[in-house]
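Worksheet: the structure to be examined is printed underneath.
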Amino acid sequence: MHSIGLLENIAIALSAAFFGGLIIQRIGLPTIVGYLLVGVAIGPFTPGYIGDGASISELAELGIVFLMFGVGLHFSFADLWKVRDIAIVGTLGQMLTMLALGYGISRLWGWPSMAGLVLGLSLSIASTIVMLRGFMDHGLLKTPHGQVALGWRVMEDLATVLILLIMPNLASSGAAIDWRAIAIALSAALGFMVIMLYAGKRFIPWLLLRVAHTRSRELFILAILASSLGIAIGASELFGVSLALGAFVAGAVINESPLSHRISSDLLPFRDAFSVLFFVSVGMLLDPRYLMNNLQPVLLLTCLIVFGKFIVSGLWVLPFPRPARTALVVAAGSCQIGEFSFVIGQTGLNLGFLDKDQYSLILAGAMLSIVVNPLMLKTIAPLERGLRMVKPLWRWLDRYASSSQPVEESVAGHVVVVGYGRVGSHIVNVLGELHIPYLVIDTRIERIERLSKKGVPTLLGDAANSEILSHAGLSRARLLVVTLPEEAATELTVAAARDFAPDLPIIARAATRSGVKRLSNLGAKMVIHPELEGGLQVLRHTLLHLGFPLHEVRQYADTVRREHYNTLVTSKGEHALLAEMLDADKLMDIAWRKIPPGSTLIGQTLGEAALRGRTGATVVAIMRNGSLMLNPTTDTIFEARDRLGMLGTEEQVAAATSLFPEAAVSEAAG
């Protein structure tokens, strides 16, 4: 019988991670904590099932590659260039400061100088994957503050390459550093960047576009996986660049492809599954017995990582022209260590700089800092509110800030729109026309960028799989509209929103008829089924073209909607109403027309315009700034962008419309 060891490890690790994450989330902690604890449970230091740490670690490398590749897909080198000042100087300053602090505490413990140097270097580099996961969950990744933190991490990753090149030259005491070898390695890394930015930027998007024309989703996904993994491994083997940095550069290059959004969505399942294995593999490294036997130094080191890095990173942001919130976000994202610290520690262990106990201390501090980091991200808003109360201090800290407030504090009485695709964009456009405040949540960075430049409150993140809804002010919102095309994501979003705001009205989009009932049961007040709505639109235009009155057509469509959405079966009611409609006389119906800027009607009263006397059409309502004015008096003054509801025959309405400027575009209601 063939071995199923690898499949067994994958199945047990993912299953245990699911239950661990679910339990931890139920008690209000981040799912990352559950994944780490699962790693401890199936690790070699605890009784029971023992997973194959080597296999799971290799699979975890895939998670790092896919995650960094995905980040690169939404990253622009122009964005990195914008934060080059703070990313370069701030990163260097923070790393040197933490290096000194780590070296200092190691001397207090009586460690050798080289062991202290390795400890300091390990503390100076934060985990990119931990920061990215936390930022995605809290909607911080594509904010200006998140971009600074991302640039900070990229510079740290580049510095790690240099550190790993220098460390072997320090193994022999008194030996001169081989600057030639370092120069060659750095040149190779620079060569990789140049090749990717010039040759790769042209070839890879072209190749993916050709594959897309085959119309085979299978081949396209294989092309994505081959590109991400192939470039990452090639960068590591041929140029000495880390897998993570190679994957990141590959994603940034492929970002130039018009298919980058499809690539990102197809890669998402692989990224999420394998990134979970990364956290499980970290947990497997920790020996709980070592943690208990060395509790004091472990807690001291953890405090240095969490609180020391928080303070140091935040202070290194302050000299630069950035808002105080940027310092808080960068600090919260930096107060942990992870994968690259493991690599540096393992290199130090192999070179004889560290012993096993010292390396275990670094592992314990790393794991505890990863556990605490999501909680530190949650302190950003409370800490900012506390600092604002000390007004003189806040004025100095926030001296470079604009007058805008964070999304969660500046928005109230708003409509939350989840998904800015074709449906969501139409809703947002109408809300803007009616001057109704709104907040947009979307997973695509370029959409968020466009809206942010217009001053629209936005949040970047997956409302179905993160805590992003907790930052949308649902308890203060008027309405939630979910326009996501994926029904499973819509159901998760509706369920989460109902937990945050039990009384909030929710309108959701269902992809299937069976999904209508599920979404209703989850708490959606109104569910829209596009297939049914599309059929009703076709029927509506058909009946109107045949001369049936709009009022009766609407009534029939409303009955179909009500009975389909409630029972999902064809009922006698809609047939009866259709029969009545076919026998009804034609009725006049209200037609709506918009007064555009520049119209001669602006500034005139209803009596002065004398539309009824001149055309026969009667103005029976005016829609203004989202409010409906019924039966306006003759003293009512017309304003730009008023929508006039007129009663009359088609000829009378057309005659009234002809009094508008030629630039006016008629807008029929309904």
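The table below gives the values:
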| quantity | calculated |
| --- | --- |
| Residue in region 471-488 that is without any contact (Cβ under 8 Å) to a residue 40 or more places away in the chain and surrounded by 19 or more Cβ atoms within 10 Å (Cβ to Cβ) present | no |
| Among residues of region 30-52, those that are without any contact (Cβ under 8 Å) to a residue 12 or more places away in the chain and surrounded by fewer than 21 Cβ atoms within 10 Å (Cβ to Cβ), counted | 3 |
| Elements of type strands (runs of 3 or more DSSP E) in region 425-534, at least 3 residues being in contact with a Gly (Cβ under 9 Å, 6 or more places away or on another chain) and more than 23 Å from Pro269 (Cβ to Cβ) | 438-442 |
| Ser275 being closer than 30 Å to Phe45 by Cα and in contact with a Lys or Arg (Cβ under 9 Å, 6 or more places away or on another chain) | yes |
| All positions within region 107-144 that are surrounded by 23 or more Cβ atoms within 10 Å (Cβ to Cβ) and not in a helix (DSSP H, G or I) | Ser124, Ile125, Ala126, Ser127, His138, Gly139, Leu140, Leu141, Lys142 |
| Among the residues listed as Gly603, Gly598, Gly616, the single one being surrounded by 14 or more Cβ atoms within 10 Å (Cβ to Cβ), modelled with pLDDT of 70 or more and at positive phi | Gly616 |
| Residue match in region 289-304 (condition: at pLDDT 85 or above, part of a helix (DSSP H, G or I) and within 24 Å of Ile64 (Cα to Cα)) | yes |
| Selection status of Ile86, touching a residue at least 60 places away in the same chain (Cβ under 8 Å), part of a loop (DSSP other than H, G, I, E, B) and crowded, with 20+ Cβ neighbours inside 10 Å | no |
| Members of region 313-331 that are in a helix (DSSP H, G or I), in contact with a helix residue (DSSP H, G or I) (Cβ under 7 Å, 6 or more places away or on another chain) and within 18 Å of Met95 (Cβ to Cβ) | Ser313, Gly314, Trp316, Val317, Ala327, Val330, Ala331 |
| Close pairs (8 angstrom Cβ cut-off, 6 or more residues apart or separate chains): within 21 Å of Pro319 (Cα to Cα) in region 373-400, loosely packed, with under 15 Cβ neighbours inside 10 Å and of a type in the set (A, V, I, L, M, F, W, C) anywhere | Leu387/Leu393 |
| Those residues of region 203-225 which are over 16 Å from Gly70 (Cβ atoms) and either of a type in the set (Gly, Ala, Ser) or not assigned by TED's automatic domain parsing to the domain that holds Leu245 (or both), in sequence order | Ala212, Ser216 |
| Pairs where the first residue, in region 219-234, is free of Cβ contacts under 8 Å to residues at least 24 places away in the same chain and the second is surrounded by fewer than 15 Cβ atoms within 10 Å (Cβ to Cβ) and not in a helix (DSSP H, G or I), C-beta under 8 Å, 6+ apart | none |
| One residue from Pro269, Pro319 being within 27 Å of Met68 (Cα to Cα) and either without any contact (Cβ under 8 Å) to a residue 12 or more places away in the chain or assigned by TED's automatic domain parsing to the domain that holds Glu486 (or both) | Pro269 |
| Residues located in region 620-655, provided they are of a type outside the set (A, V, I, L, M), in contact with a strand residue (DSSP E or B) (Cβ under 6 Å, 6 or more places away or on another chain) and either under 17 Å from Val430 (Cβ atoms) or part of a strand (DSSP E or B) (or both) | Asp642, Arg643, Gly645 |
| Leading residue by the ranking (farthest from Gln94 (Cα to Cα)) among those in region 362-378 that are of a type in the set (A, V, I, L, M) and buried (at least 24 other Cβ atoms within 10 Å of the Cβ) | Met367 |
| Evaluation of Val241 against (1) in a helix (DSSP H, G or I); (2) closer than 18 Å to Thr128 by Cβ (one fails), failing number | (1) |
| Verdict on Val38 being within 22 Å of the chain's Cα centre (by Cα) and either in the same structural domain as Met376 (by TED's automatic domain parsing) or over 25 Å from His138 (Cβ atoms) (or both) | no |
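The values are calculated or read from the model by the stated rules, or taken from the named source; none is laboratory data. The model shown is predicted, which means the values in this text are computed figures rather than measured ones. We place every Cβ from the backbone using ideal geometry, glycine too, and count neighbours over all the protein chains shown.
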